[in-house]
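This structure is in structure tokens; I'll ask about it shortly.
Just so it is clear, none of the values below were taken in a lab; they were calculated from the coordinates. Keep in mind that this is a model prediction, so the values were computed, not measured. No Cβ is skipped: glycine too gets one built from the backbone with ideal geometry, and neighbour counts run over all protein chains shown.
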Amino acid sequence: MPKKTKPTINFSEQFVELEKITANFEAGKYDLETGLKKFEDGLQLAKNLQQYLQQVEQRIATIKTKYHEPTSKTKA
Amino acid sequence: MTVYSVSEFVSGVNELLSGIPTCVQGEVSNFHVAQNRFVWFDLKDEKSAVSCFMLAFQLNQIIADGMLIQVTGNPALFSKSGRFHIRAHTIQLVGAGSLKQQYELLKKKLANEGLFDAARKRQLPRFPQTIGLVTSPDAAAYTDVLKILRHRWPNLQIKLFPVNVQGAQAPASIIQALQLINKNWVNKLDVAIITRGGGSMEDLQAFNDEAVVRAIFGLQVPCIVGVGHERDETLAEFVADIRASTPSNAAELAVPHVADVQAQITHLVTQQQHYLQQKLASSIHTVTQDFLDQVNYWQQTIKQKLSAVQHAKQLLLSYHPKNILARGYSITTLTNGTVITSAKQLKLKTPITTTFASGKISSTVLKFWH
């Protein structure tokens, strides 16, 4: 197996967490101090999720390229 | 003068007449068979007529009124009536007209019996290995047939059954060969070819002989019969499983041409290759399409999720606590960053930090209002 940085986060859980934080802000549940902390947490979650998705997107693109390569070789 | 009784006279005359072998030629009239045993007819020419009598089993030809025939036998009187007649032993047809007439009669008779029925025709094997050739080795037809068979299908085994194809001995000789095949060769021969070249109707007569036709009917090996030229027809051909127009044609019908078979094989292989290629291409296309559909679906899903994350992030950003500062509020914290929400958290001279929408300041507590 080639060594690759495997995205290991649980996407669903983290996404739900991000939504929960946003919803709590919406409902005005946080005081200022908690709010600052949660806001930072939320930004970190969003960053993680985006990175994860970008990695997956990259992998799919690689698969697609790999798939096309052997077909064109056999045809030539 | 001696006086005889009638019976003495008749038997005496009969004795005298029986010593005179006779052959008379004339036209048949009043032909009829009584009780399936007794054959009666008159033989006549322009001026005279004479009665003829014979036993049915001795009649080896089909005859009918109007036929010109030669009757061999002896003159005799019937003992009861004293009537003069020819006691016939053998009959031979004379002239093409009679042969033709006999041919038509026999053809009709055998057709009625079902000898020529299409339903009983057997199919010839497509690729015969051994062929029995019933013909005269002296005939030109034999060489032709052999040449064509060898040329078309080189590995063919050919077993010759030599027969007379012409003359008085021909029918018996052909029948004997066919009996030999039925006895010893049924499992060894794939096809039998019975053939001879062209000739007059008399020459081909053996192939219109009733016994020969019946022997071909009883042959246990599928057979092809090709007699004479294209215009000739014989009863032997009608009774055969396959009727060939000529000896050469019989050979052509018996075996395929090796080149044709090779071409056919090439064609079949090409066809199958083509079919397989098409099948493969279509399978590849299906697999490719399925895979691409799957990948595209994944990409679509990732895009949707990215967009969802982006949306959640935007929403979160709209709740940034510092957004309030823009409206003139400020955040006051201890130096360790703890947000101060009550004056009770502070003492005099405590250093505090105040953050505005733009910039921060440090200050100390000078006074409390309670």
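Over 26 Å between Cα atoms, which of A:Lys38/B:Lys367; A:Lys29/B:Lys313; A:Lys37/B:Lys344 qualify?
The pairs that break the limit, which is 26 Å between Cα atoms, are A:Lys38/B:Lys367.
Hey, what's the Cα Rg ratio for segment B:166-273 versus the globular rule of thumb, 2.2 N^0.38 Å?
Taking N as the residue count of segment B:166-273, the ratio is 1.28.
Taking H as built 1.01 Å from N, whose amide H comes closer than 5 Å to the amide H of B:Phe161, not counting residues under 5 places away?
B:Leu133, B:Val134, B:Thr135
Another one. Given the protein assembly as shown, what whole percent of its Cα pairs are spread farther than 28 Å?
73 percent
With only alpha-carbon pairs counted, each pair once and no self-pairs, how large is the Kirkwood hydrodynamic radius of segment B:55-114 in angstroms?
This gives a value of 13.2 Å.
What is the diffusion coefficient of segment B:224-370 in µm²/s, taking the Kirkwood radius over Cα pairs and the Stokes-Einstein relation at 37 °C with a viscosity of 0.692 mPa s?
125 µm²/s
While we're on this one: May I ask what percent, to the nearest 5, of DSSP beta bridges between residues of chain B are antiparallel?
So the antiparallel bridges amount to about 65 percent of the total.
About its Cα centre, how strong a charge dipole does the protein assembly as shown have in debye, to the nearest 20, once Lys and Arg get +1 and Asp and Glu get -1 at the Cβ?
Computed charge dipole of the protein assembly as shown: roughly 4580 debye.
Also, I was wondering about something else. Give me the Kirkwood hydrodynamic radius of chain B, using the inverse of the mean 1/r over all pairs of distinct Cα atoms, in Å to one decimal.
When all Cα pairs of chain B are included, the Kirkwood radius is 30.3 Å.
Now for a separate question. Could you give the Stokes-Einstein D for segment B:6-113 in µm² per second, using the C-alpha Kirkwood radius, 25 °C, 0.890 mPa s?
Rounded to a whole number, D works out at 167 µm²/s.
At 37 °C and 0.692 mPa s, grab the translational diffusion coefficient of segment A:11-75 from Stokes-Einstein with a Kirkwood Rh over Cα pairs, rounded to a whole number in µm² per second.
Estimated via Stokes-Einstein, D reaches 230 µm²/s.
Give me a single rounded figure for B:293-306: the average over its residues of other chain Cβ atoms within 10 Å of their Cβ.
What the average comes to for B:293-306 is 4.
How large is the dipole of chain B about the Cα centre if only Lys and Arg carry +1 and Asp and Glu carry -1, each at its Cβ, rounded to the nearest 20 debye?
Here the size comes out at about 4880 debye.
Let me ask another. For segment B:6-68, which semi-axes, largest first and in whole Å, follow from the square roots of 5 times the eigenvalues of its Cα gyration tensor?
They are 23, 16, 11 Å, listed largest first.
For chain B, what's the relative contact order in percent, using C-alpha pairs closer than 8 Å and at least 6 residues apart?
Relative contact order comes out at 10 percent.
Compute, for segment B:171-223, the length of the dipole vector about the Cα centre, with Cβ point charges of +1 (Lys, Arg) and -1 (Asp, Glu) only. Units Debye, rounded to 20.
That gives a dipole near 280 debye.
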